[in-house]
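Sending over a structure as C-alpha cells; questions will come in a sec.
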Amino acid sequence: MKYGIVRFPGSNCDHDAFYTASQNGTAEYLWHKDTTIPKGIDCIILPGGFSYGDYLRCGAIARFSPIMREVVTFANRGGLVIGICNGFQILTEAGLLPGVLLRNSSLNFVCRDVFLSVANNTTPFTSALKPNQIVRIPVAHGDGNYYADNETIAKLETNNQVVFRYSDAEGRLTEAANPNGSINNIAGIINERGNVLGMMPHPERYSDDLLGCSDGKAVFQSLELFDKSNSAKMVEPTSY
Amino acid sequence: MHEQSTHHLYSEINVTSETAKELGLTTAEYEQICGVLGRIPTYTELGIYSVMWSEHCSYKNSILQLKTLPRSGGRMLVEAGEENAGLIDIGDGYAIAFKIESHNHPSAVEPFQGAATGVGGILRDIFTMGARPVAALNSLRFGNLDNDHTKYLLKGVVHGIGHYGNCFGVPTVGGEVYFDECYTDNPLVNAMAVGIVKVGETASAIAIGAGNPVMILGSSTGKDGIHGASLLASREFDEKTEDMRPTVQVGDPFAEKLLLEATLELIASGCVVGMQDMGAAGICCSTSEMSAKGNAGMSINLDLVPLREDGMSAYEIMLSESQERMLAVIEKGKEHIARAICEKWDVPMTEIGEVSDDGIVRVFRFGKQVVEIPAYSLVLGGGAPVYVRESREPSYIPTVRSAEFTVDNSLNQEMFWKILTSPTIASKRWIYEQYDSQVRTNTMNIKGDAAVMRIKELPGKGFAVCTDCNSRYAYLNPYRGGMIAVAEAARNVVCVGAEPVAITNCLNFGNPYDEEVYYQFKEAIRGMGDACRALETPVTGGNVSFHNQSRNHAIFPTPTIGMLGLIEDVTKITGSGFRASGDVIMILGNSSREELGGSEYIKQLTGNILGDAPMLDIDEEKRLQKATLTAIRSGLIHSAHDCSDGGLAIALAEKAINSVGSLGAEINSEFGKNASQLFGEMQSRIVVSVQPEHIDSLKVLCTEHTVDCVEIGRVVIDNFTLGGIKTTVELLRKEYNSALETAVLG
C-alpha cells in the first residue's frame, strides 16, 4: 500500500506516520500547498499535531489548505483516508466526518495509554482485528471529546460507524476509561461509505515492539490486507 | 570627566551615571563603559551594555568559579560555553546537543508564559546548532502545596510547559518536582532539551565574511520582554516585582515549529555562515556575540526590522525579547536559497544589515546612527566585567547540622504513608500526563530512574537522560550537595542501563553579593567539579541563575544537573519495577552507614531540614555504578532503582508500584528495624531484583568491583511487607498515584 502523509504547517506526527507507514508499505509526503495528489497513492494520512497552531479552532484553518480540496475529492472517489488526532479534527472541520472534537472534559491535555474496544472490524482499517478485541494505544490531545447531536450519534450507532471505543482492560465502557468525555466513549468513527476513518488515539505510536507495545500496527496490517485483496479485484482503485 | 564627543551619534536621552543606575549598572561599570568608548554612551548604547553586562548575560560573578569545572574532554565536540549548547559525540557520525536553562524569574511573575518561553528558549538553543530536538525535560521547585499561590504557580507552569512542548512536537520525557517552603515566592523552572545532529552538519553562532548579509528570521519585534535579562532576571524579588510582568515575553509554539523546520533546512542547504537564536537581550546579544566570536563587526539598520508597532525606538528594538526569532549570517550570493526555504515554511526573513571586518557593531534608526560599540567589549570572555566575590560559611550551617531530633520507631508505619504521599515523593502523574511524552516515537520508557530514548538514526542505540538535585543536601552541606547531585544523576542513568557521559547544569542561587550565598555557590561548584572529574562526566555548559530570593530570604542552593547517558544496545536496558515473583531483592553498594540527615523523614517529623547531608564516597559510588552497568549489560538484573529520597522503604514501594502486574516485596525483618534503615537516604545504593539463577554470577561480579551486595528479601505477588509495614500493592498504587492530584485540586 502506498501512503501519502500530508504535512500541514504545525503537523508534528508527520514523521511518526511516515515512519510507521513505510515499515508496513511505502510512503511519501504531501505538502499542504500542493494542488494535486500524485498517482498511485492508496491511502492518505492526516497526521497529528497542531496544524496552523490550532489557532481559531482545531483543524479549522487546515481545512482551507489547497491540499484539502484534493483530499476531499480523493475521499469522494473512494480513496482511503485516515485522520489521526489533529487529522480527525481536520476531517470533521472539512465535513468528511460528522461531529466535532471538543475540549477534554478535564480541561487538561492528556497523554496516556488507553484501551480501545474494537466496535467494527469490517472496515479496511480494522479487518486484522477481532470484534470487541481490546488494544492498547496512546492518546495525546487537548481536544478529543467527541460530540455530535443525538440524531447524528443515533445514526452513527445504527450504521455501525463507531470503530473504536475507550474501554478498560476488560472491555467495559466505563467513565473512568474515557480520557476526554466523548459521547458513548467514542474514540474513532468512519464515514458512511467506509473509506474515511478518524480516530483520536495514535496507532502509529504503538507499532514497534521496541517501544513496548505494537497494538497499533493492526491498523496498518489491516490496510495491507485490504490492499492485497483489492489489487486482485481492481485496477488502480483510487486513480482518477 | 568624559568629553561628549558623540557628534555623529544620536541619543534619545542624555545619559548620566544616574541613568546607568536605573538600568542596573553600577557607577564603576558606567565609568568602565565611558572608558571603553572614550565618550559618554548614547542611551541605546547604555541599554545594550546594561543587558550584556547583566548577571544573566555576562556571568560576571560566576565565570571564575565555572572555569574550575572540567569543561572539555571525553566525548565533547565543543568546549563548554563555546556554542549555544553542549555537543557530545555518540559515534557513527552523530552527536547529541543538550542544555538546561532557567526561566525562574519570568515564571514567578507570569507562570504560564514564563514556563512556555523557557521551553521555547532552550529548544531554540538546540536547533540553532542544526540539531533536531528529540526530548525535553524540566526540573521544577515550588513552595508547599497548602498555599493557593503555589497551586496557581504549579498549574500555570505545567500548562505553559505542555502548551509549548506539545505544540512544538518534542516529547517531554522527564524531570523532577520538589516542594519546599523556600521556593514559595521564587519557584524554579529549569528547562532542558536534547537534540540529534550529524557531526559536521552543525551551525555555529559566528559572524564572518565582510559584506555577508545579516538576516532576521521569524516573528516580528515588539515591546515584550524589554529588560527581561537585566531588570527581571538579574535582581531579587520585592514588592515591585508584580510590576515587572511586561518584561515577560509571550510565546508562540507554532511560530517556533515553523522556525525549527526552516532553520534545519537552511543549515542543511549550506547557505548559512552562522546563526544564533534571540533569547535574552534579543538583537543586541545576538549581533554582539556573533560579531565578537568571528572578530567581526556588523552594521544594522533597525528601520528594516519587522515591527509589531510603529515608532519603536532603537533602544526598544535592540532590547526587545520577542520570541521565536533568529539572527542568521547568510553567505553573499546565496540569499535566494535562504529566501526560498523561508518562503516554503512561511517564515519571514528580512535583511537588516551586513557583516563588517572592523569589530564594531553599528546601529542605525530613522536615518541616524545610534550605536558604535566594539563587539568585544560587550561579551563574556571579552570586555564584560569579571568579579571576584567574597564568601563566608553561612551562620545557619553549624546550627542545622548539630540539631537534635528524636526518632520514634513506633511511628514508622505512619511515617511511611506520610512520606509516600508527600507531594515531593508521590507520583507526578498528574503533571506528566499533561505533557506529550511520545511524539516522534522514540520514547522507550519514562517510568524508570531516567528517560530512555532510542535513536532512530542509529538502529540499536539509545540514550538516557535525567535531571537531578536534592537541594536540601546542598543547603545543609553545599560541597557534598553539589557532589551528590552529580553522583545521583549518574546513578539514575546507570539504573536504566546507560553509561553516564556528560552533564549540563543549571545553577540556581540567591544574591551573589551576599557572602553566605556566594559560599554556597562556590562550594557546590567545587563538589560538582570533584564528582564530574571522578565519574568522567565533563560539564558541557548550562546556565547560572542568581538573585533567587525574596524578602531577604534565599532559596536553597539548587545546582540542578542534567545527565546524559549512552546506551549501546537498547535491548539491554532495565526498568525500575519488579518483573517476576520469586526474584531475589538485593541492595548493591554501601551497606555500612545509617544516616537520617536531610531526609524527607526528618522533614515530615520535624517540619525542618536538619542534620548533615548524607556521606558520599565518590570512589565507592564509581565502583557501584560500574558494577551495576556491567550487570545490566550482562542481563543479570531484572530491575534496578536508585535508593534516594525517602530511603529504602520508598525505593521498594516504588519498585512495587511500577511492577509488571501486581508484584510486591517480602523483606527480611532485619532490614526494616528502625527509621534510619527504612528512611535514611544513604548514598551509593541501588536496589535490584534478580532471578535466582543469576545470584551467584552477580555476587562474583560485585566482588570483582569491590561492591557490597546484600540479599534483603523476595518479590511476591500482591503483598508488601517491610519492617512493621504490611500492605498491598493495590493500596500503595492508589495512595501514591492520587496524592499529588488531591493536593493540587483539593
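Please treat every number below as a calculation from the coordinates, not as lab data. Just so you know, these numbers come straight off a predicted model, no measurement behind them. We place every Cβ from the backbone using ideal geometry, glycine too, and count neighbours over all the protein chains shown.
Only sites in a loop by DSSP and with at most 14 other Cβ atoms within 10 Å count here; which GluC sites (Glu not before Pro) in region B:600-649 make the cut?
Here no loop site has a sparse enough neighbourhood.
May I ask you to list the lysines whose Cα is less than 21 Å away from that of B:K332, ignoring any residue fewer than eight positions away on the same chain?
Cα-Cα hits under 21 Å: B:K293, B:K344.
Here is a follow-up. How big is the Cα convex hull of chain A in projection, averaged over all directions, in nm²?
The number I arrive at for chain A is 11.7 nm².
Could you give the angle, 0 to 90 degrees to the nearest 10, between helix B:43-52's Cα long axis and the longest principal axis of the Cα atoms of chain B?
It is inclined by approximately 20 degrees.
Here is a follow-up. Once you have the alpha carbon radius of gyration of region B:4-106, what is it after dividing by 2.2 N^0.38 Å, with N set to its residue count?
Numbers: Rg = 19.2 Å, N = 103, 2.2 N^0.38 = 12.8 Å.
Normalised by 2.2 N^0.38 Å, the Cα Rg of region B:4-106 equals 1.50.
Return the subset of B:K151/B:K622; B:K99/B:K572; B:K155/B:K603; B:K257/B:K428; B:K67/B:K257 for which the Cα-Cα distance in this structure is over 31 Å, preserving the input order.
Correct reply: B:K151/B:K622; B:K67/B:K257.
Cα-based count: Lys pairs in region A:2-229 below 25 Å, eight or more positions apart or different chains?
10
Would you please give the residues with an amide H less than 5 Å from that of B:E354, counting only those at least 5 places away or on a separate chain, with H modeled from the backbone geometry?
Amide H to amide H, under 5 Å and 5 or more residues apart or across chains, B:E354 pairs with B:V214, B:S299.
Farthest toward the dipole's positive end in the protein assembly as shown, which of B:G353, A:W31, B:A665, given Cβ charges of +1 (Lys, Arg) and -1 (Asp, Glu) about the Cα centre?
Farthest towards the positive end: A:W31.
Next question. In the calculated pair distance distribution of chain B, what percentage of Cα-Cα distances lie above 44 Å?
Of all Cα-Cα distances in chain B, 24 percent exceed 44 Å.
Non-local amide H neighbours of B:K368 (under 5 Å, H modeled in plane, Pro and chain starts lacking H): which ones?
none
Would you mind checking region B:359-391 for residues with the amide N under 20 Å from a putative spin-label position 7 Å along Cα→C-beta of B:T68?
Flagged as within label range: B:381, B:386-391.
For region B:257-397, what is the Kirkwood hydrodynamic radius in Å, using each pair of distinct C-alpha atoms? Kindly include the intermediate steps, with their values, before the conclusion.
On the way: mean 1/r = 0.0601 Å⁻¹.
Computed over Cα pairs of region B:257-397, the Kirkwood hydrodynamic radius comes out at 16.6 Å.
Given that compact globular proteins tend to follow 2.2 N^0.38 Å, what is the ratio of the alpha-carbon Rg of the protein assembly as shown to that value? Intermediate values should be presented prior to the final figure.
Values: Rg = 28.8 Å, N = 986, 2.2 N^0.38 = 30.2 Å.
Ratio of Rg to 2.2 N^0.38 Å for the protein assembly as shown: 0.95.
A further question on this structure: Could you give the radius of gyration (one decimal) and Dmax (whole number) of the Cα atoms in region B:116-181, in Å?
13.4, 44
Computed on alpha carbon atoms, what radius of gyration and Dmax characterise region B:419-554, expressed in Å?
17.0, 53
Further, regarding this structure: May I have the extent of the alpha carbons of region B:522-607 along their three principal axes, as whole Å values ordered from largest to smallest?
55, 39, 24
Whats the longest run of chain B with zero chymotrypsin sites (Phe, Trp or Tyr not before Pro) that are DSSP loop and have at most 15 other Cβ atoms within 10 Å?
Between the exposed loop sites, the longest stretch runs B:1-365.
While we're on this one: Please identify every one of the GluC sites (Glu not before Pro) in region A:139-172 that sits in a loop by DSSP and has no more than 11 other beta carbons within 10 Å of its own beta carbon.
Details: sites: A:E151, A:E157, A:E170; in loops: A:E170.
Those satisfying the criteria are A:E170.
Right, next: Under the Karplus relation 6.51 cos²θ - 1.76 cosθ + 1.60, θ = phi - 60°, what is the ordered set of whole-Hz ³J(HN,Hα) values for region B:479-491, x standing for Gly and Pro?
Karplus-based 3J(HN,Hα) across region B:479-491 equals 5, 5, x, x, 5, 5, 4, 5, 4, 5, 4, 5, 4 Hz.
Also, I was wondering about something else. Per residue, how big is the convex hull of region B:251-333 when only Cα atoms are used? Give it in Å³.
109
Here is a follow-up. Amide H to amide H, which residues 5 or more places from B:G646 or on other chains are under 5 Å from it, using H placed in the peptide plane?
B:E600, B:Y601
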